[in-house]
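S.K.: The structure's right below; bear with me while I get my questions together.
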């Protein structure tokens, strides 16, 4: 199955017209002909399957055969992470987290952040490409860059904060998840500051360790989310 993405499509749509880029791809790259089946998602759980009725490099149309609205995953992992200085590494992380099926990613502005500006449009494009490649139907929400202090005030479910400081913390492997939703905080290369760790702890956030070694930010983000997925699936 080749999956296409279109945020404008809905389960009620009986027909769909592809944009210029996808039309060219269908007609010239994968060389589909009329009568071929295509699958489209809007990133919010829709699986729309249609039959091609018109195929040209400038315009491709399809008529619906069936559509399914997939249920929202019961387990949700939200990641709030300080962007890496090298934007390529952040893009890699978004790609891999989309493959895992993470719910949302929020870039954080922390005291030790090296990157203080973030263009989320590029990250959204990376997530869409990864969604199509991994054939999933829920696109992670990519939030705008937010200050750590401001984000702390918006927490609505249990949260944990991974840091490398000598302050007391428990291993993530020992942490007991008691909710279907969880938020993981990952700091910048220079780690969270003492003040940030103290503030988070005072607000009831559990400090955790990802292991004895020190990881790059993107590695810590992927490892932390994968570890939580494993806990949910056991």
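Only the coordinates and a few stated rules stand behind these numbers; no lab work does. Note that the coordinates shown come from a computational prediction; the quantities given were computed from them, not determined experimentally. A quick note on method: Cβ atoms are made from the backbone with ideal geometry, for glycine too, and the neighbour counts reach across all protein chains shown.
S.K.: Between 0 and 90 degrees, rounded to the nearest ten: what's the tilt of helix 87-100 against the longest Cα principal axis of the chain?
M.R.: Its long axis makes an angle of about 70 degrees.
S.K.: Let me ask another. How high is the FRET efficiency from residue 119 to residue 89, r the C-beta distance, R0 25 Å, rounded to 0.05?
M.R.: 0.95
S.K.: Also, quick follow-up: Gaussian network model of the chain, Cα springs within a sub-10 Å range: biggest mean-square fluctuation belongs to which of 168, 83, 73?
M.R.: Of the options given, 168 has the highest mean-square fluctuation.
S.K.: What number, in percent, do you get for the relative contact order of the range 36-100 if the mean sequence gap of Cα pairs under 8 Å and at least 6 apart is divided by its residue count?
M.R.: 21
S.K.: Specify the angular offset, from 0 to 90 degrees and rounded to the nearest 10, of the alpha carbon long axis of helix 120-134 from the longest principal axis of the alpha carbons in the chain.
M.R.: Tilt relative to the chain: about 60 degrees.
S.K.: When the label point is put 7 Å from the Cα of residue 8 along its Cα-to-beta-carbon vector, which residues of the range 34-74 have a backbone N closer than 16 Å?
M.R.: Only 40-43, 58-63 fall inside the zone, counting backbone N under 16 Å.
S.K.: Let me ask you something else. Against the longest principal axis of the chain, how steep is helix 217-233, in degrees 0 to 90 to the nearest 10, with axes from Cα atoms?
M.R.: It is inclined by approximately 80 degrees.
S.K.: Next question, about the same structure. Run the helix sum for the chain: -39,500 (n - 2.57) per DSSP H stretch of 4+ residues, divided by residue count, reported at 222 nm to the nearest 500 deg cm²/dmol.
M.R.: Estimated from H runs of four or more residues: -8500 deg cm²/dmol.
S.K.: Compute the separation of the alpha-carbon centres of the range 1-67 and the range 128-179 and state it in Å as a whole number.
M.R.: A separation of 33 Å, based on Cα centres.
S.K.: Given contacts defined as C-alpha pairs under 8 Å and at least six residues apart, what's the relative contact order of the range 3-69, whole-number percent? It would help to have the intermediate numbers written out before the result.
M.R.: On the way: 144 pairs, mean separation 26.0, N = 67.
It rounds to 39 percent for the range 3-69.
S.K.: Something else about it: Work out, step by step, the length gained on full extension between residue 28 and residue 234: first 0.36 nm times the residue separation, then minus their alpha carbon distance; give nm to one decimal.
M.R.: Answer, rounded to one decimal: 69.7 nm.
S.K.: Between residue 213 and residue 129, 0.36 nm times their residue separation minus their Cα-Cα distance comes to what?
M.R.: 27.0 nm
S.K.: With Cα Rg over 2.2 N^0.38 Å as the read-out, I listed (1) 0.98; (2) 1.11; (3) 1.17; which label goes with the value calculated from this structure?
M.R.: (3)
S.K.: Given contacts defined as C-alpha pairs under 8 Å and at least six residues apart, what's the relative contact order of the chain, whole-number percent?
M.R.: 19
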